[in-house]
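A.B. asks: I'd like to ask you about the structure that follows.
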Amino acid sequence: MITRTRSRRAPDRGSPLEGIVTAALEDMKAVNVKVMDVRGLTDIADVMVVASGNSDRHVRSIADRVIEKAKENGVRPLGVEGAREGEWVLVDLHDIVVHVMLPRVREFYSLERMWESESPAAVAYATPVGGIAVPKAPARKRAPRRKPS
C-alpha cells in the first residue's frame, strides 16, 4: 500500500481569510505589506503576513481592524500579543499569523529575511508606500573547504 501526502490546499491560491486580512491591511493604509507562504517551513502557520504602521497608535488600529474583519467572517483569533505597547502586534488567526510593527522594530527583527532565506516562494502583495523598504538578504557564500594535510 502506498501512502501519499499532500498539502492542505493548493500553493498557488490564497484562502478567503488571506484576502480578508490583506483587504483590512489595505483599508487601514498599512505600509510595506508582505505575505509569505511558510507552509513547508513551519507547522505553526501556512501564511505569515508582515506589515508596518506609521506610529504605535496606527499599529494598534491596523491590528484591531484585522481582528474585527476576521471576527465578522467567523474567525476568532487564537491570540493577540503586544496590543498594549503598540510597537509590534501579533495576531494569530489559526493558519495565518499577522505581524504589524513599527518600521524600526521591523528593520531590527527582519522577519522577512529569516523566512525568505528559507523560502524563495515568498510573495509581496503590496509595494512599499512611504515606509522603509527592507533590503533582501545577500546570498550567503560558504567558505571553501580545506583539504586535510
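Just so you know, all these numbers are worked out from the coordinates, no wet-lab data involved. Just so it is clear, the model here is predicted, and its values are computed rather than measured. Ideal geometry is used to build each Cβ from the backbone, glycine not excepted, and the neighbour counts take in all protein chains shown.
A.B. asks: Mind checking region 45-103 for GluC sites (Glu not before Pro) that DSSP puts in a loop (not H, G, I, E or B) and that have at most 10 other Cβ atoms within 10 Å? If you can, show how the numbers build up before the last one.
C.D. replies: Working: sites: Glu68, Glu72, Glu81, Glu85, Glu87; in loops: Glu85, Glu87.
Here no loop site has a sparse enough neighbourhood.
A.B. asks: Follow-up. Whole-Hz ³J(HN,Hα) for each residue in region 15-25, computed from phi via Karplus 6.51 cos²θ - 1.76 cosθ + 1.60 with θ = phi - 60°, x for glycine and proline: what do you get?
C.D. replies: Taking θ as phi minus 60°, the curve returns 7, x, 5, 4, x, 5, 5, 5, 5, 5, 5 Hz for region 15-25.
A.B. asks: Once you have the alpha carbon radius of gyration of region 16-116, what is it after dividing by 2.2 N^0.38 Å, with N set to its residue count? Intermediate values should be presented prior to the final figure.
C.D. replies: Working: Rg = 12.2 Å, N = 101, 2.2 N^0.38 = 12.7 Å.
With N residues counted in region 16-116, Rg over 2.2 N^0.38 Å equals 0.96.
A.B. asks: Quote the relative contact order of region 16-116 in percent (integer), defining contacts as alpha-carbon pairs under 8 Å separated by 6+ residues. Write down the numbers at each step before the final one.
C.D. replies: Details: 175 pairs, mean separation 28.1, N = 101.
Once divided by the residue count of region 16-116, the mean separation gives 28 percent.
A.B. asks: Next up: Apply the Karplus parameterisation 6.51 cos²θ - 1.76 cosθ + 1.60, with θ equal to phi minus 60°, to every residue of region 43-58 and state each ³J(HN,Hα) to the nearest whole Hz, in sequence, with x for glycine and proline.
C.D. replies: Ordered by residue, 3J(HN,Hα) equals 9, 6, 7, 8, 10, 10, 10, 10, 9, 10, x, 7, 8, 5, 5, 5 Hz.
A.B. asks: Now a separate question. Taking θ as phi - 60°, what are the ³J(HN,Hα) couplings along region 86-95 by the Karplus curve (6.51, -1.76, 1.60), each to the nearest whole Hz, with x for Gly and Pro?
C.D. replies: Calculated HN-Hα couplings, in order: x, 7, 8, 10, 10, 10, 9, 10, 6, 8 Hz.
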